[in-house]
Amino acid sequence: MKLYSYFRSSASYRVRIALNVKNLPYDYMPVHLVRDGGEQLKPEYRKINADGIVPTLVDGSHVLPQSLAIIEYLEETHPEPPLLPKAPLDRAYVRSVALQVACEIHPLNNLRVLRYLKHTLCVDDDAKDAWYRHWIDAGFATLETRLKADAHTGKLCFGDTPTLADACLIPQVFNAQRFKVDTAKFPTIQRIYDHATQLDAFARAAPGVQPDTE
């Protein structure tokens, strides 16, 4: 398998975690999202992913975009160790936490949105960063309340075993810290992050150890 990835892309980070949890080898294909206006927008990469985004997983002749779809594909084709629990209600719970991050928090702050704010709406860097922190704070506040109160929460989002929920949450916490969000305000999220990042699958997926890290 080949994974087209950028070291700081949280969506790519999710897939790296999933591949590592499942002990699946892959070739890392770097796509720099900033250099020369963004390599993801070049015609060469657009032939692979017409949307011009990362990640993209190539498995043989199959080309798969979208991080959650990729992870679900890995779950179905390589079910052990699982990233989703067996019971339907538990699976729905894990998916709902993952989607809370991937659909409610992350889209407001991805690179395309930040570029539009800066280059089209002419928002300065301080205001852009304030936008980022505002939506992280808003999203993490409700997620913190949920994780703190729910009996499913253990050392990780669902018990003590990595799931799809952790694969989505940990990259989002990394990005929040990068933009100087005080994640100590969210002690349950911070505790889960601190535990997960000590696990081998998460440590090997971290941005700082990728081939294209800067």
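When PRO25 is tested against (1) of a type outside the set (Ser, Thr, Tyr); (2) outside any loop (DSSP other than H, G, I, E, B); (3) free of Cβ contacts under 8 Å to residues at least 60 places away in the same chain, exactly one condition is not met: (2). Scanning segment 39-68 for residues that are assigned to a loop (DSSP other than H, G, I, E, B) and either under 22 Å from THR163 (Cβ atoms) or in contact (Cβ under 8 Å) with a residue 60 or more places away in the chain (or both) gives PRO55, GLN66. If only residues of segment 17-44 that are touching a strand residue (DSSP E or B) at 6+ places or on another chain (Cβ under 7 Å) and of a type outside the set (A, V, I, L, M, F, W, C) are counted, the one that is farthest from ARG204 (Cα to Cα) is PRO30. For segment 142-151, residues that are more than 17 Å from ILE170 (Cβ to Cβ) and surrounded by 13 or more Cβ atoms within 10 Å (Cβ to Cβ) total 2.
Under the condition of being without any contact (Cβ under 8 Å) to a residue 24 or more places away in the chain and among the aliphatic types (A, V, I, L, M), which residue from segment 175-214 is surrounded by the most Cβ atoms within 10 Å (Cβ to Cβ)? Going through the qualifying residues, I end up with ALA203.
Those helices (runs of 4 or more DSSP H) of segment 141-214 in which 2 or more residues are within 26 Å of PRO82 (Cα to Cα) and in contact with a His (Cβ under 9 Å, 6 or more places away or on another chain) occupy 164-178.
Computed from the coordinates by the stated procedures, all read-outs in this text should not be read as laboratory data. Everything quoted here is computed from the prediction, not taken from an experiment. All Cβ positions, even for glycine, are placed from backbone atoms using ideal geometry, and neighbour counts span all protein chains on display.
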